[in-house]
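Trainee: One structure follows; several queries about it will come next.
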C-alpha cells in the first residue's frame, strides 16, 4: 500500500472518530433526558404524563423504524438548515445524531426501568422529591446499565457512519466505497474493514471496563 | 425492661401532647379499585388503632392480610379510602405531597429487603436522607458517624452493600432510618429475610433504640416470635380487620380470636402433639388411662415447682406429654401438657391445688 493510501486511511479514521464522537455527544444530550422521561412518565409514575409519554414513544418508534439510509436522505433539508450543507463530514453528523438519539432514549429507558422499585419507595419514604429521586437514585443506580447502553450506541454509530459515506459524508465508509469498491482496490477495502473492527473492539472493551468500574453490585468481599 | 411507656410520655414539657398517642388510625379503610376484568380489593376495613408514644406496637398477619398497606398509610406512601390517620397530632390524610415530604423526614422506615442503594457505600446510604433533607456536608458527617457506631458498623463505613451480610445490611437500613432523628420508626418485616440468630440481634437493636432514644415503633411481621421478643402491644390483622389487639402478654396467654390462636399454636406449646391428639377422647376409660391436662404457667406460678409438689402431696404420677417454657414480653410463660391417672379419684384435688396457685389448668380429654 502506498504511503498516500495509508494517509487517506488515517485521515478517514480521524473523520469517522470525529463524526461518531460529535454525533454521540449531541445524541446523548438529547436522548438521555428523553429516556429518563420515558422511564418515569407513565401513569402513576414519578413524572406522570401518560399522553406526552405515548406521543414521544410514537415519534421515537417512527424514527427508529426508518432505515438509516432513507433517514439520511429524508432529512436533507434539516441537515442543510443545521450544518449549512448536506455533503461532507460535518453534514453527516446531523443524520447520525437524529438516528442515535431515539436509540439512546430507548436503551436509557430500559436501563432506568431496571432499577429496583423498592429503592424508589425507600427514598420516597425519606421525603425525596421526584427530581431528587432521579438524581440520587435512578441515575446512579442505572449508571452501569447506561454505560453499557451508550457503548452499544457508539458501536452502532460506527456502523452508521460508514453508511453516510454513500451520500457524500466522509470517513472510513466513504473511503471504502470510493477506493475499495469503485476503483477496485480490495486492499483498501480490507484495510478499512480491519480499522473498523479495531475501532469497535476498542470501544466495546473500554465501555465494558467503565461499566465494570461503576458497578458496585458485584464486588467481592 | 421494655415496659410500655403508655401515657408516661417522654415529652417533659407537660403539655397536652404528652398524653396524645403518636399514631392514631381512626376508622381507616383502603379499597384498591377494580383493575380491568378484576374486582375491587378491600385491603383494610375500618381499622382503629393507636400507638402510644415511645411504645412498640407489633401488627401480625398472614400475607395478604393488609399489613403492608397499613404501615404505608403512616407515611403517606398509600392514601386511605376512608378514615383518618394522625401522626404526632397531625392529620396526615389531609396533607399534600409537599407537606407529606416534610412529615416523612420525621418517620424512619426499614424494609424487609433493606432497599439500600448499591451505588453508595455504607456511609453514603446513611447520609442519603440527610442529603435529601438538604443538610450540609459537615452536619452529615457529624450525624452519620455516631449512627454507624450505634449499629456497630464503623469499620464497614466505606464498604458497598454487596460486600455486607444480610444482618449488616439491615443495620445500615436502621442507621439510615434514624438519620433524620425521626420520632417514629416503621418496620416493614425487617427481620423476615434474616436467619434466626441475626433476627434476634436486629430485634435487640430495635428494642435498644426504642428504650434509649424513646422512638415509637410500628412493626409489621408474620412471625409471632418477633412480637413476643420486643413488642409491647400487638394487633392481629386478618383479612383487612384488626381481630384482636392488646398487651402482648395478655394476647399470648389468652388469645380470643381463632386467627390469633393459630399464630400462637406453634409458639407457646399450645398445640397438642399429633400422637396425643389422635388418641384423645371425651370420656375416661373404665379402668386405667390418663387424663390429659394443660397447665399454663405465668407470672408467679411459673416459678413454683408444681409437678414435684403434685407427686409429693397427692401421690399421683405425672407424665409430661408436651410443653414449652419461655418468656413473653419479658415475663415468664409456659405451657405444659401432662397426663395424670384418670381413675385415681384425685383429679379434683389436683385441679383445686393448681387453681390455688393461680395456674390455669384445663382437662383436654382422656387417653386410654
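Rule-based calculations on the coordinates, nothing more; no lab input. Remember, predicted model here, so these are calculated numbers, not experimental data. Heads up, the Cβs are rebuilt from the backbone with ideal geometry, glycines too, and the neighbour counts pull from every protein chain shown.
Trainee: Report, for the protein assembly as shown, the % of DSSP beta bridges that are antiparallel, rounded to 5.
Mentor: Looking only at bridges with both residues in the protein assembly as shown, the antiparallel portion is about 70 percent.
Trainee: Can I ask one more? Which values of log₁₀ I(q)/I(0), to two decimal places, follow from the Debye formula for chain B at q = 0.07, 0.10, 0.15 Å⁻¹ with a uniform point scatterer at every Cα?
Mentor: -0.40, -0.73, -1.25
Trainee: Can you show me the helix-derived [θ] at 222 nm for chain B, built from DSSP H runs with n ≥ 4 at -39,500 (n - 2.57) apiece and divided by the number of residues, rounded to the nearest 500.
Mentor: -9000 deg cm²/dmol
Trainee: Please average, across the residues of B:97-110, the number of beta carbons from any other chain that are within 10 Å of each residue's own beta carbon, and give a whole number.
Mentor: 3
Trainee: Then there's this: Order by neighbour count: B:295, B:230, fewest other Cβ atoms within 10 Å first, most last.
Mentor: Listed from fewest to most nearby Cβ atoms, that is B:295, B:230.
Trainee: To make sure I understand, if each residue's beta carbon is the centre and we count other beta carbons within 10 Å, what order do A:19, A:185 fall in, fewest to most?
Mentor: A:185, A:19
Trainee: If packing is taken as the average number of other Cβ atoms within 10 Å across a peptide's residues, how do B:213-219, A:38-44 rank, most packed first?
Mentor: In descending order of packing, they fall as B:213-219, A:38-44.
Trainee: Helix A:139-164 sits at what angle to the longest principal axis of chain A, using alpha carbons and giving 0 to 90 degrees rounded to 10?
Mentor: Relative to chain A, helix A:139-164 is tipped by roughly 20 degrees.
Trainee: With n ≥ 4 as the cut-off for DSSP H runs, can you work out [θ] at 222 nm for chain A, using -39500 (n - 2.57) per run divided by the number of residues, rounded to the nearest 500?
Mentor: -25000 deg cm²/dmol
Trainee: Ok, one more. Could you tell me the extents of segment B:274-367's C-alpha atoms along the three principal axes, largest first, rounded to whole Å?
Mentor: On the principal axes, segment B:274-367 reaches 43, 31, 16 Å in Cα extent.
Trainee: Let me know the mean shielding of A:117-123 by other chains, meaning the per-residue number of their Cβ atoms within 10 Å of its Cβ.
Mentor: The per-residue average across the peptide is 6.
Trainee: Fewest to most neighbouring Cβ within 10 Å: what's the order for B:188, B:247?
Mentor: With the sparsest Cβ surroundings first, the list reads B:247, B:188.
Trainee: Given q = 0.12 Å⁻¹, what are the Debye log10 I(q)/I(0) values for the protein assembly as shown, with equal point scatterers placed on the Cα positions and solvent ignored?
Mentor: -1.15
Trainee: Show me A:116-125, A:198-207 ranked by packing, highest mean number of other Cβ atoms within 10 Å first.
Mentor: Ranking, from highest mean packing down: A:116-125, A:198-207.
Trainee: Per the Kirkwood definition applied to all pairs of different Cα atoms, how many angstroms is the hydrodynamic radius of segment A:3-214?
Mentor: Radius from the Kirkwood sum: 18.6 Å.
Trainee: Would you give the gap between the C-alpha center of segment B:55-128 and the C-alpha center of segment A:49-120, rounded to a whole Å?
Mentor: That distance is 40 Å.
Trainee: Follow-up question, since we're still on this one. Using the reciprocal of the averaged 1/r over all distinct C-alpha pairs, how large is the Kirkwood radius of segment A:23-89 in Å?
Mentor: After inverting the pairwise mean of 1/r, the radius is 13.8 Å.
Trainee: If you don't mind, there's one more thing I want to ask. Return the average number of partner chain Cβ atoms within 10 angstrom of each residue Cβ along peptide A:132-145.
Mentor: 2
Trainee: Sticking with this one: In µm²/s, what is D for segment B:70-194 at 25 °C and 0.890 mPa s, where D = kT/(6 pi eta Rh) by Stokes-Einstein and Rh is the Kirkwood radius from Cα pairs?
Mentor: It comes out at roughly 162 µm²/s.
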